[in-house]
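Here's the structure we're looking at; comments come further down.
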Amino acid sequence: MKELILYFSKAGENDIAGETVVLEKGNTEALAEMIKDITDGDMFKIEPVKPYSEALKECIKETAAEKKAGIRPEAKAVPAVDGYDIITLMFPNYHGTMPMVMFTVLEQLNLDGKYIRPVCTHEGDGSVNSLDDIKRLAPRADVTDILEMKGSHIAKKEAHVAEDLKAWLSATAKEITSSEEEKKLLIDNLIDGFDAAEVKNQVVQWIYQWFDENGPECRAVVGISGGKDSSVVAALCVEALGKDRVFGVLMPQGKQADIDSSYTLVKHLGIDHAEVNIGDTVDALVNSLTSALDVELTKQTLTNLPARLRMAAVYAVSQSMNGRVANTCNLSEDWVGYSTRYGDAAGDFSPLSNLTVAEVKAIGRELGLPDILVDKVPIDGLSGKTDEDNLGFTYNVLDRYIRTGFIEDLETKKMIDRKRRQNKFKLMPIPAFSYGGKIKAEDD
């Protein structure tokens, strides 16, 4: 595991066992170099743009004023930590915690999933509030036990310093190894321990209750693609409502190479269905838009248009037969925005939106669906690429990250986090202007 030794240290006048001593190199930096010799970690020194006074009394006044005012002094540079697994965080005790410039830097770093090994140099007070502050600033990092070391012992090069340091490094290494093993065990338990039968029954009961409250005589209308999600949703609705109250809508765009999968599903479930080909409708609308607009239709427009027309078709069918439209999105796809707003992301009720791809597949098998439907590899229908090719990572990696917060490749994590930020709006209600006018009509 790669380590970054991130430290603040002050040369000049220091308190050494009650005496003011001028040091060419701060005690924390001297200790940081000792750690580097043992672990071969990279070093990065945190320095404020405006240096603290070398005079001890002035430095104490400056740092006390910063802390009291909650000032975050500007740092000369902030390190890039993406490639590191372990951050050895080193600092002197300034007024019961870290120097404020450390707060400046930590508040700018994403330390999620990293191991932080804190080291505090002091002259009698220990680390006081430092550990709590670190955990508050990096709430999703794993913070080990802190090493507290007197600066005077470092300055005098006392023999026990090296011994204590090696013992602490060994203990924290074991702590990190144990944590890694626990994480992997947690991941295995989450995947292996998912009770598909129990969750399937809960979803079935939820669908039954939802229809009892929102359409006791209505049918569930499901857009059938022949993939795992629509197959599982249709099967859940059949179990909850009976096959006579489930209607499938197959919507090829012209000629669909895998339409047989959709027919396999409706035959397996024994549900009524209709095939509504949207090919001519898509072509007609594209031609009309092209003629009417001075701009070229974008690739994203052409990608999303069929999905929105399919949902329009599903709602047309639903309204014509007193139905309720099933949403077939799952948590994994929703997490990274792999759905079309007002297209496949629409619906009246959503059985799968809190279940990952792996969990949906497990429920599909519990429902007795054919493997060819549960394990069908989704293709985007345009480029011939799989969903995972387009996303840039596998659903296994995404599901693991969602459920455990654990992900090995930091670049993949950044990609997933970016997609989440960019697409989260799709799951939110439409923003509305808030007007304070009174509403006196009944609204039960």
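Values quoted throughout were computed directly from the atomic coordinates according to the rules given, and no laboratory measurement underlies them. For clarity, every value in this text was computed on a predicted model and none was experimentally measured. So basically every Cβ, Gly included, is an ideal-geometry build from the backbone, and we count neighbours across all protein chains shown.
Counting DSSP beta bridges in region 3-190, what percent are antiparallel, to the nearest 5? Intermediate values should be presented prior to the final figure.
Numbers: 7 of 29 bridges.
In region 3-190, DSSP labels about 25 percent of beta bridges as antiparallel.
With the simple spin-label model, which puts each label point 7 Å out from Cα in the Cβ direction, the Thr298 to Glu388 separation comes to 2.9 nm.
Mind telling me which of Asn322, Asn287, Asn214 comes out most flexible in a GNM of the chain, alpha-carbon contacts under 10 Å? Judging by the Gaussian network model, the answer is Asn287. Using 31 Å as the Cα-Cα cut-off, could you pick out the over-long pairs in Lys135/Lys424; Lys36/Lys419; Lys76/Lys114; Lys45/Lys174; Lys68/Lys414? Checking Cα-Cα distances, Lys36/Lys419; Lys68/Lys414 exceed 31 Å. At full extension, Ala173 and Ala257 could sit 24.8 nm farther apart than now, given 0.36 nm per residue minus the alpha carbon distance. Straight distance only, please: which aspartates and glutamates reach the Cα of Lys200 with their own Cα at less than 19 Å, same-chain residues fewer than 8 apart left out? Qualifying aspartates and glutamates at Cα under 19 Å: Asp192, Asp212, Asp229, Glu239, Glu359, Glu366, Asp371, Asp375, Asp399. Less than 5 angstrom separates the built amide H of Ala141 from those of Gly113, all sequence-distant by 5 or more or on a different chain. Putting +1 on Lys and Arg Cβ atoms and -1 on Asp and Glu Cβ atoms, find which of Ala171, Val101, Gly126 reaches farthest to the positive end of the dipole of region 3-190. Working it through, the farthest residue towards the positive pole turns out to be Val101.
Remark on region 196-427: Rg and Dmax equal 17.8, 55 Å (Cα only). Each Lys or Arg adds one and each Asp or Glu subtracts one; over the other residues with Cβ under 13 Å from the Cβ of Ala55, this totals -2. Taking 7 Å steps out from each Cα toward its Cβ at Arg140 and Ala312 produces label points 3.9 nm apart. 3J(HN,Hα) along region 438-444: 6, 10, 10, 5, 5, 9, 6 Hz, from the Karplus curve 6.51 cos²θ - 1.76 cosθ + 1.60 with θ = phi - 60°, whole Hz, x for Gly and Pro.
Among the DSSP beta bridges whose two residues both lie in the chain, what percent are antiparallel, rounded to the nearest 5?
Numbers: 8 of 43 bridges.
The antiparallel fraction comes to roughly 20 percent.
Note on the chain: with a GNM built from Cα contacts shorter than 10 Å, the maximum mean-square fluctuation among Asp145, Asp334, Asp399 falls on Asp145.
A simple charge model with +1 on the Cβ of Lys and Arg, -1 on the Cβ of Asp and Glu and nothing else charged puts the dipole of the chain at about 900 debye relative to its Cα centre.
Report, in debye and to the nearest 20, how large the dipole of region 162-303 comes out about its Cα centre when Lys and Arg carry +1 and Asp and Glu carry -1 on their Cβ. Show your work: numbers first, answer last.
On the way: 12 positive and 24 negative charges, 65 e Å.
Charge dipole of region 162-303: 320 debye, to the nearest 20.
Projecting the Cα atoms of Ile60, Gly364, Trp210 onto the charge dipole of the chain (Cβ charges, centred on the Cα centre) puts Trp210 farthest toward the positive pole. Expressed in units of 2.2 N^0.38 Å, where N is the residue count, the Cα radius of gyration of the chain is 1.35. Fully extending the segment from Asp283 to Glu107, taken as 0.36 nm per residue of separation minus the present Cα-Cα distance, adds 58.2 nm. Net charge in the neighbourhood of Gly18 (other residues with Cβ under 12 Å of its Cβ; Lys, Arg +1, Asp, Glu -1) is -2. Annotation: amide H of Met90 within the under-5 Å range of Leu6, Tyr7, Phe8, Val119, sequence separation 5 or more or interchain, hydrogens built in the peptide plane.
Estimated at 0.36 nm per residue, the fully extended path between Asp164 and Asp443 surpasses their Cα-Cα distance by 93.6 nm. With both labels modelled 7 Å from their Cα along Cα-to-Cβ, the Asn129 to Asp82 distance reads 3.4 nm. Couplings 3J(HN,Hα) for region 98-107, derived from phi with the Karplus relation 6.51 cos²θ - 1.76 cosθ + 1.60 (θ = phi - 60°), are 6, x, 4, 5, 5, 4, 3, 6, 4, 5 Hz, where x marks Gly and Pro.
Of the DSSP beta bridges with both residues in region 196-427, give the percent that are antiparallel, rounding to the nearest 5. Intermediate results must be reported in sequence, preceding the final value.
On the way: 1 of 14 bridges.
Of all bridge pairs located within region 196-427, approximately 5 percent are antiparallel.
Can you give me the C-alpha center-to-center distance between region 371-444 and region 27-96, rounded to a whole angstrom? Each part reduced to its Cα centre gives a spacing of 39 Å.
Hey, how much of the P(r) for region 27-176 falls beyond 26 Å, as a percent of Cα pairs? Mind dumping the intermediate values first?
Values: 2423 of 11175 pairs.
Tail fraction, whole percent: 22.
What dipole magnitude, in Debye to the nearest 20, does region 3-190 give about its Cα centre under +1 on Lys/Arg Cβ and -1 on Asp/Glu Cβ? Mind dumping the intermediate values first?
On the way: 23 positive and 35 negative charges, 89 e Å.
Dipole about the Cα centre, nearest 20: 420 debye.
Using the Cβ-Cβ distance between Ala69 and Lys424 with R0 = 30 Å, the FRET efficiency computed as 1/(1 + (r/R0)^6) comes to roughly 0.25. Anyone know which of Lys61, Lys36, Lys166 comes out most mobile in the 10 Å Cα GNM of the chain? Per the Cα network of the chain with a 10 Å cutoff, Lys61 tops the list.
Taking amide hydrogens as placed 1.01 Å from N in the peptide plane, the amide H of Glu47 sits under 5 Å from those of Lys76, Ala77, each at least 5 positions away in sequence or on another chain. Computed from backbone phi with θ = phi - 60° and the Karplus coefficients 6.51, -1.76 and 1.60, the 3J(HN,Hα) list for region 394-402 is 8, 5, 4, 5, 5, 4, 4, 5, 4 Hz; x is used for glycine and proline. Between the listed residues Phe433, Ser320, Gly223, the Cα displaced farthest toward the positive end of the dipole of the chain, a dipole computed from Cβ unit charges relative to the Cα centre, is found at Phe433.
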